[in-house]
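S.K.: Pasting in a structure now, in structure tokens, and then I'll have a few things to ask.
The values are calculated or read from the model by the stated rules, or taken from the named source; none is laboratory data. Since this is a predicted model, take the numbers as computed values, not measurements. In this analysis, Cβ positions are derived from the backbone assuming ideal geometry, glycine residues included, and neighbour counts consider all displayed protein chains. For the accessible areas, the whole protein counts, side chains as well, though only heavy atoms, and no ligand, DNA or RNA atoms are used. Shrake-Rupley method; radii C 1.70, N 1.55, O 1.52, S 1.80 Å.
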Amino acid sequence: MNPFPILLAEDDAMDRILTEEAFRESRLTNPLFFVNDGEELMGYLRRQPPYDDVSQYPMPGIILLDLNMPRMDGRACLREIRGDPELNHLPIVVLTTSTEQEEVVRSYNLGANSFMSKSIDFEAFVSQIKAFGDYWCSIVELPDGE
């Protein structure tokens, strides 16, 4: 089985770079795609230009979702994805710097499959990404893409 694509919705360029590096460090070989905010995420998932080329922008097997993004935040994305019968099957892992219990509860109430608070220590973050990969990319059975 080929590694399925993972889509990261994250507005901070440095966090995108650190996540990509953490994927490499943890030897996670799943292709990683990026969008900058919730509006881009929804455009990607709904195949709106410039994301209409499925070979260049494949449907993700998992979405890694930051909560605090401009234009459309992660909470609004969760509501919209879970309300869309074409998209509501997609696993969503909230990946954010927040450690607020209120955000954890709210994310699960909105339909998140998992909630991860990003460590500010890079080595600890690599360990988190490795654990994410061990679970979501090796153990869990996911629905077929498309």
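S.K.: About its Cα centre, what dipole magnitude does the chain give when the only charges are +1 on Lys and Arg Cβ and -1 on Asp and Glu Cβ, stated in debye to the nearest 20?
M.R.: 240
S.K.: Rounded to the nearest 0.05, what FRET efficiency is calculated for D53 and D144 with R0 set to 22 Å and r the Cβ-Cβ distance?
M.R.: Plugging the Cβ-Cβ distance into 1/(1 + (r/R0)^6) gives 0.65.
S.K.: Also, I was wondering about something else. With springs only between Cα atoms under 10 Å, which of L41, L28, L67 fluctuates most in a Gaussian network model of the chain?
M.R.: With Cα springs under 10 Å in the chain, the top fluctuation among L41, L28, L67 is at L28.
S.K.: Ordering S107, S127, S117, S55 by accessible area with a probe of 1.4 Å, largest first, what comes out?
M.R.: Most to least solvent-accessible, the answer reads S55, S127, S117, S107.
S.K.: Here's a follow-up. Suppose we look only past 14 Å in the calculated P(r) of region 34-99. What percent of the Cα-Cα pairs does that tail hold?
M.R.: Value for region 34-99 (Cα pairs over 14 Å): 56 percent.
S.K.: Another question, if that's okay. Which of the three applies to region 55-146, rounded, prolate or oblate, going by the alpha-carbon gyration tensor with a ≥ b ≥ c and a/c under 1.5 meaning rounded?
M.R.: The shape class here is oblate.
S.K.: How large, in percent, is the carbon and sulfur part of the accessible surface of region 31-118 at a probe radius of 1.4 Å?
M.R.: Roughly 47 percent of what the probe reaches on region 31-118 is carbon or sulfur.
S.K.: Leaving out ligands and nucleic acids, and using a 1.4 Å probe, what accessible area per residue does region 29-146 come to in Å²?
M.R.: With all protein chains present, region 29-146 gives 51 Å² per residue.
S.K.: Something else now. Determine the order of E40, E80 by accessible area, beginning with the largest, at a probe radius of 1.4 Å.
M.R.: Accessible-area ranking of E40, E80, largest first: E80, E40.
S.K.: Now, a different point. Order the following by accessible area, largest value first: E102, E39, E21, E141. Probe radius 1.4 Å; ligands, DNA and RNA are ignored.
M.R.: E141, E102, E39, E21
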